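The values are calculated or read from the model by the stated rules, or taken from the named source; none is laboratory data. These numbers come from a predicted model, not from an experiment. Cβ coordinates were reconstructed from backbone atoms using ideal geometry, including for glycine residues, and neighbour counts include every protein chain displayed.
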Amino acid sequence: MDALNWATALPLIFMAVMGLALLAYVILDGYDLGVGILLPFATDAEKDVMVSSIGPFWDANETWLVLGVGVLLICFPTAHGVVLSALYLPVAVMLVGLILRGVAFDFRVKARDSHKTTWNRLFAAGSLATTLAQGWMLGAYITGFQNDTWGLLFSAGIAITLPAAYAMLGAGWLLMKTDGDLQRKAARWGQGALWPMGFALMGISLATPLVSPTVFAKWFVLPELFALLPIPLACVAAFFAIRHVLATPRVVQAGYGWIVFGATVLIFVLAFLGLAYSIYPYIVIDRLTVWQAASATESLVVIGIGVAITLPAIIAYTIFMYRVFWGKARELTYGL
Amino acid sequence: MDAFTLSRIQFAANISFHILFPTITIALCWFLVFFRLRHTATRGTPAALGWEQAYYFWTKVFALTFALGVVSGITMSFQFGTNWPGFMERVGNIAGPLLGYEVLTAFFLEATFLGIMLFGRGRVSERMHLVATLMVAFGTTLSAFWILSLNSWMQTPVGYEIIDGKFHAVDWLAIVFNPSFPYRLSHKLLASALTAGFLIAGVSAWQLIKGTANEGTRKALRTAITAVAVVIPLQIFMGDLHGLNTLEHQPAKIAAIEGIWHTEKGAPLTLFGLPNEKEGRTDYALQIPKAASLILAHDSDAELKGLNEFPGAHPPVAPVFWGFRVMVGVGLLMLAVAWVGAFVLYRRRKQDLATLPRPLLYTLVGMAFSGWVATLAGWYVTEIGRQPYLVYGLFKTADAVAPHAPAMVASTLAAYLIVYGLLLVAYVGVIKYMAEHPAMPTPAAPHPAPAPRAV
């Protein structure tokens, strides 16, 4: 390809890399944030197992956020400034939440026993605050940072929905990583999160075209509407698959608990695809396209080479790590 | 205060808090690799248990420190966008790839293998576990490489061209290996070794005082004292080279460090004094005639440029002046303590370390966090010394700030300061608690490896 084509293609490629990194983040940190949100409902012994089930993973999970925001920063510096300046306060809330839960992981097993309860609470509170802030940010992003009543209501709506969705991921994760009482509890938690998540997802899907005429115009035209129908239909199918597995203990006992996690991931992926379709070709909706916001092509080439070499390696050793820790989690050993 | 000042304080608070933890973990991980290797080498002898104990105890400290470094580092990555959008808009073409390579090559490597290093014993082979520890050590060092490359480029920018006000890369090799980078990277890595070394020595000394020491404590103490005794003279030598490099590229910073207000030949070395920026002089100065010229130019009559040569383009004098003296003072103290410690330690090679003189132990405890003081002071010298520029000589800090309402920045700043203050107290408190309760659970493989099975 000649230089002109690279100038067209690279911003798109990096938009995809950024989107996938953020999708990976939402799914991966989503389940460990979800476990954090569910923590207050467990007994003390169960809390140790829950934390140990995410212990080896959380740090790498959060690194996907750094990559996603990193790509925004590196490849779309103009958009990065616009987005993060507009999201100043929710970003600060999220960061404080991430700080609290990240350190609580370590402090809770190292501090004296009388302080453990406090760190457990901070872990749960930090997880919830992070999730609420992320939901708010997603809402504000979709509306193009409208600060009118509907824009704020929409953001608030997503903010209170995301905890249910993350809790669902967390419950699905625990179904795979635990057994016995805790596994049965996880199924109940999943049932508790199921309908709030379902209603909210439906509400958001219907509200999005209403708050954004740009999105409305992309979905409600023929023949695109028919091509897009599989997205909501697959979501509905995934939803009822989750419902069936959670309500049928012998399916979980037989080792099919992973369906809950898998179907929740599927819903996240579909929602992501729907969102990507809604927003393209903008990076800040109605304001900046990916090309307007992109860095100089020669810088994109340099970072593109790095991504092409390292991303496969990152994925390979991430898979390796998940294989190492395959199977049921145990209680923490030697206080690491 | 205006949003600019508040944003600067917030960035300084964030990065100061952040750097405390990587400064420990960069070198601490190599100490852990050493403990592991010694453990393997002494397997089957009584010494093996001691190395195992040292490894486990300091792995716990590493895990805690690393977690604090990660979460405060995530905060850093957002600060660019929330408070300094002008930085990436104008310098993004150069800063972006350097930051990107840090994330891609270092962050994922250390974060992923950390999981195996901390929780994988018994699930992977001993060799794989050692590889994981090595990968984490390699990752943390690589991370320092990239971030210091960017930081150094902001101090000594080369290999760029400016088109329509935006920086564009022309020569990546020149950008990565810019003139101050080798000095700054070496200086930082050695500082990390000293910080981790004095932390290990101080905590070990505390365990000896409190009677909670085990064989691992003695091995860790001996390793740490040996390391700092070797590293501190290297660091002083490297610091001098770094200073000469700064004189060449950033004479205004040196003028502020030395308190040289007017260009003069045979400039005196000011040991102490009160910089008076309004009057352009150092009050109550205690000086050695011609020594500054001798040290900086290796010629007692050499001319040194004064601050008068850089009107409106030199840093505030007092913080740079004092930061430098604190750093050098702590460095000299480290030299004294490290060498006395090494002397005493090696004289009683065969004896029990519990008989070490109390004053030495208490001094080591007092020095446990001396690396933090010197590191922060040094960073203030170099970063405040870069002001008023963000990219030295080319792009002013004030031009990068986001125009937020001061009250909003003040509220987030207050939140960060409260969280950071509490975490700092908790961190030091928990390390003290761990030192006094060095529970040593089952060494070797903590639990049998389960057969992988589908879930």
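For the stretch A:72-97, give me each residue that is surrounded by fewer than 22 Cβ atoms within 10 Å (Cβ to Cβ), more than 8 Å from every other protein chain (Cβ to nearest Cβ) and farther than 16 Å from A:LEU132 by Cα.
Once the filter is applied, which keeps residues that are surrounded by fewer than 22 Cβ atoms within 10 Å (Cβ to Cβ), more than 8 Å from every other protein chain (Cβ to nearest Cβ) and farther than 16 Å from A:LEU132 by Cα, the stretch A:72-97 yields only A:ALA86.
Give just the number: which of (1) surrounded by fewer than 17 Cβ atoms within 10 Å (Cβ to Cβ); (2) part of a helix (DSSP H, G or I) does B:ALA191 not satisfy?
All conditions pass for B:ALA191, except number (1).
Based on this model, can you work out whether B:THR112 counts as away from chain A (no Cβ under 11 Å), surrounded by 24 or more Cβ atoms within 10 Å (Cβ to Cβ), touching a helix residue (DSSP H, G or I) at 6+ places or on another chain (Cβ under 9 Å) and among the β-branched types (Val, Ile, Thr)?
no
Which residue, of B:ALA220, B:ALA256, is assigned to a helix (DSSP H, G or I), of a type in the set (Gly, Ala, Ser) and touching a Pro at 6+ places or on another chain (Cβ under 8 Å)?
Unique residue meeting the criteria: B:ALA256.
Name the single residue that is farthest from B:LEU20 (Cα to Cα) among those in the stretch B:386-417 being at the interface with another protein chain (Cβ under 9 Å from one of its Cβ atoms) and in a helix (DSSP H, G or I).
B:MET408
If I go through the stretch A:183-206 residue by residue, how many of them are surrounded by fewer than 22 Cβ atoms within 10 Å (Cβ to Cβ) and within 14 Å of chain B (Cβ to nearest Cβ)?
1
For the stretch A:1-90, please list each of the helices (runs of 4 or more DSSP H) lying entirely inside it that holds at least 1 residues being within 26 Å of A:ALA159 (Cβ to Cβ), basic (Lys, Arg) and touching a residue at least 40 places away in the same chain (Cβ under 8 Å).
Hits in the stretch A:1-90: A:44-54.
Quick one: is B:LEU130 surrounded by fewer than 23 Cβ atoms within 10 Å (Cβ to Cβ), more than 9 Å from chain A (Cβ to nearest Cβ), aliphatic (A, V, I, L, M) and over 18 Å from the mean Cα position of the chain (by Cα)?
Answer is yes for this residue.
When the stretch B:79-91 is examined, which residues are found to be buried (at least 23 other Cβ atoms within 10 Å of the Cβ) and over 17 Å from B:ALA3 (Cα atoms)?
B:MET88, B:VAL91
Taking B:GLY96 as meeting all but one of (1) in contact (Cβ under 8 Å) with a residue 60 or more places away in the chain; (2) over 30 Å from B:LEU221 (Cα atoms); (3) within 7 Å of another protein chain (Cβ to nearest Cβ), write down the number of the exception.
Going through the list (1) in contact (Cβ under 8 Å) with a residue 60 or more places away in the chain; (2) over 30 Å from B:LEU221 (Cα atoms); (3) within 7 Å of another protein chain (Cβ to nearest Cβ), B:GLY96 breaks only (1).
B:ARG453 is checked against (1) facing chain A (nearest Cβ under 8 Å); (2) closer than 30 Å to B:PRO46 by Cα; (3) modelled with pLDDT under 85 and fails just one. What number does that condition carry?
Failing condition for B:ARG453: (2).
Any residue at all in the stretch A:98-117 that is buried (at least 24 other Cβ atoms within 10 Å of the Cβ), under 25 Å from B:TYR416 (Cβ atoms), within 21 Å of the chain's Cα centre (by Cα) and away from chain B (no Cβ under 14 Å)?
no
Just need a number here: residues in the stretch B:42-83 that are touching a Pro at 6+ places or on another chain (Cβ under 8 Å) and either within 7 Å of another protein chain (Cβ to nearest Cβ) or in contact (Cβ under 8 Å) with a residue 60 or more places away in the chain (or both).
Residues flagged as touching a Pro at 6+ places or on another chain (Cβ under 8 Å) and either within 7 Å of another protein chain (Cβ to nearest Cβ) or in contact (Cβ under 8 Å) with a residue 60 or more places away in the chain (or both) within the stretch B:42-83 amount to 5.
When the residues of the stretch A:38-94 are narrowed to those that are of a type in the set (S, T, N, Q) and under 16 Å from the mean Cα position of the chain (by Cα), which ends up nearest to A:TYR166 (Cα to Cα)?
A:ASN61
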